[in-house]
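Before any comments, here is the structure.
The values are calculated or read from the model by the stated rules, or taken from the named source; none is laboratory data. The structure presented is a predicted model; accordingly, all values stated were derived computationally and were not measured. Counting neighbours? That spans all protein chains shown, and the Cβs are built from the backbone with ideal geometry, glycine included.
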Amino acid sequence: MDTKIIYDINDTTLTEAAQTIRSGGLVAFPTETVYGLGGNALDPTAANKIYKAKGRPSNNPLIIHLARPEDAESYCHTNETYYKLAERFMPGPLTVILPKRDIVPYEVTGGLDTVAVRVPSDRVAHRFIELAGVPVAAPSANLSTKPSPTMAGHVIRDLSGSIDMIIAGDDCDIGVESTIITLSPVPKLLRPGLVTVEELREICPDIEISDAVLNQHQGRPESPGMMYKHYSPRANVVLLRGADEARQAFLADKSECGMLCYDEDTELLKNRYALAVGSKDSPKEQARNLFAKLREFDDIEDIKTIYAPMTASDGIGLAVLNRLIRAAGFEILDLD
Ligand code: TXA
Ligand code: MG
């Protein structure tokens, strides 16, 4: 299939992209979190095309993207908490799971009776969804198991030839996917993101945190996506738990390995295969760079292992750690 890549983004080209969605095609588009692979959320055939293009199991449900929080009324059974969350965090990087209405096909929800809704704040995403005139089902626009795409080039590499169109916009500002909270039946964090647990607690004081956020899940987790291998570059990722000095000492003679470092690791960064993910003090910066750096290691032919630090687990740090632990397939080496 010929994939049309749109570099010149304006109302004319976005109208063409919107038309492609309405006629059952697939369009990748930028959002503030990561690039999404969109299709008409009311069309079971479009949903199946999405699973196929990504190589994703069809029991791993898709998020429905809307232009406005109140549009959720047509697709799920909302409640007071939803509107409180919407008022504070939408448009923005928050996804809320609620009981679905019949109009949403089971192909989109992976067979579940709930549906995930999100209202992106990114200007291009918003205009594209508004012009589509239908809800847009969109997972991250990467091949399944690969790090999520934060730059147009990542999407072009993974999906050109297998989808209709790519809107090649700017790099994504946030860099990790939206925070996911389910309200069905009680508030529970399923995936951490830029909207933190601490912030969500101000609206849902008794919010629980799913075990699957930091642990390998036994059986079927609340969020099917947590079950699968994820965010993995070609080389094997290993997390190092311990003080910075212990990590620096451990890596001193590992110059043939990949190393994901903080900006502050100045000595380590002299190594050939060392890449900086951002300042140790800025989880926000780490979130923005994480997936792009993991993908950069794929371009280095000979590395077999990538060592990375265990990052902080509070605030936005939890989002970074959640992705890193999965990228490492839960492989953690204790240095202390
Ligand atoms: O930031 C984002 O959320 C990006 C952009 C494109 O909007 N999208 C994204 O979609 O990350 P995806 O498909 O890569 O991740 C969606 C996650 C999956 O882990 C899926 O299992 C979970 O949301 N999910 C979706 N619907 C669900 C539901 N009804 N119940 C539980 N988990 C659900
Ligand atoms: Mg994804």
- Item | Matching residues, region 147-162, being within 14 Å of ligand 1 (Cβ to nearest atom) and more than 13 Å from residue 288 (Cα to Cα) | 152, 154, 155, 158, 159
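So which residues in region 107-116 are on the phi < 0 side of the Ramachandran plot, within 16 Å of ligand 2 (Cβ to nearest atom) and assigned to a loop (DSSP other than H, G, I, E, B)? Step through it out loud before you land on a result.
Taking region 107-116 as the starting set, the residues that turn out to be on the phi < 0 side of the Ramachandran plot are 107-109, 112-116.
Then keep just the ones that are within 16 Å of ligand 2 (Cβ to nearest atom); that gives 108-109, 116.
Answer for region 107-116, where residues must be on the phi < 0 side of the Ramachandran plot, within 16 Å of ligand 2 (Cβ to nearest atom) and assigned to a loop (DSSP other than H, G, I, E, B): 108, 109.
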- Query: Tally time: how many residues in region 263-297 are of a type in the set (Phe, Trp, Tyr) and either at pLDDT below 95 or more than 19 Å from residue 173 (Cα to Cα) (or both)?
  - Reply: 2
- By my count, strands (runs of 3 or more DSSP E) wholly in region 259-336 with at least 3 residues that are surrounded by 20 or more Cβ atoms within 10 Å (Cβ to Cβ) are 305-309
- Sort out which residues of region 117-173 are surrounded by fewer than 24 Cβ atoms within 10 Å (Cβ to Cβ), among the small types (Gly, Ala, Ser) and either touching a strand residue (DSSP E or B) at 6+ places or on another chain (Cβ under 6 Å) or in a helix (DSSP H, G or I) (or both), and write them in order of number. 152, 153, 168
- Do we have any residue at all in region 192-200 that's closer than 30 Å to residue 19 by Cβ, modelled with pLDDT of 95 or more and of a type in the set (S, T, N, Q)? no
- Of all residues in region 140-162, which are over 17 Å from residue 32 (Cβ atoms) and within 15 Å of ligand 2 (Cβ to nearest atom)? 143, 144, 145, 146, 147, 158, 159
- Item | Test set (1) over 22 Å from residue 36 (Cβ atoms); (2) in contact with an Asp or Glu (Cβ under 9 Å, 6 or more places away or on another chain); (3) assigned to a loop (DSSP other than H, G, I, E, B) - residue 237 fails condition number | (3)
- Query: With 28, 17, 46, 72 as the choices, which residue is crowded, with 23+ Cβ neighbours inside 10 Å, part of a strand (DSSP E or B) and among the hydrophobic types (A, V, I, L, M, F, W, C)?
  - Reply: 28
- Selection from region 192-211 of residues under 22 Å from residue 59 (Cα atoms) and surrounded by 21 or more Cβ atoms within 10 Å (Cβ to Cβ) yields 192
- Note on the structure: Conditions (1) touching a residue at least 12 places away in the same chain (Cβ under 8 Å); (2) touching a Ser or Thr at 6+ places or on another chain (Cβ under 7 Å) -> residue 51 fails only (1)
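Evaluate the following for residue 137: is it more than 15 Å from ligand 2 (Cβ to nearest atom), modelled with pLDDT of 95 or more and within 29 Å of residue 325 (Cβ to Cβ)?
Numbers: more than 15 Å from ligand 2 (Cβ to nearest atom): no; modelled with pLDDT of 95 or more: yes; within 29 Å of residue 325 (Cβ to Cβ): yes.
Against the criterion (more than 15 Å from ligand 2 (Cβ to nearest atom), modelled with pLDDT of 95 or more and within 29 Å of residue 325 (Cβ to Cβ)), residue 137 does not qualify.
Kindly establish whether residue 102 is part of a helix (DSSP H, G or I) and in the same structural domain as residue 127 (by TED's automatic domain parsing). Outline the logic, then answer.
Working: part of a helix (DSSP H, G or I): no; in the same structural domain as residue 127 (by TED's automatic domain parsing): yes.
In short, no.
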- Message: Exactly one condition in (1) without any contact (Cβ under 8 Å) to a residue 40 or more places away in the chain; (2) closer than 12 Å to residue 138 by Cα; (3) touching a strand residue (DSSP E or B) at 6+ places or on another chain (Cβ under 7 Å) is false for residue 24; which is it?
- Response: (2)
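Given the criteria within 20 Å of the chain's Cα centre (by Cα) and assigned to a helix (DSSP H, G or I), does residue 86 qualify? Talk me through it step by step, then tell me what you get.
Values: within 20 Å of the chain's Cα centre (by Cα): yes; assigned to a helix (DSSP H, G or I): yes.
The answer is yes for residue 86.
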- Task: For residue 205, indicate whether it is without any contact (Cβ under 8 Å) to a residue 40 or more places away in the chain, in a loop (DSSP other than H, G, I, E, B) and either of a type outside the set (Lys, Arg) or away from ligand 1 (no atom under 12 Å from the Cβ) (or both).
- Result: yes
- Note on the structure: Exception for residue 78 within (1) more than 15 Å from ligand 2 (Cβ to nearest atom); (2) in a helix (DSSP H, G or I) falls at (2)
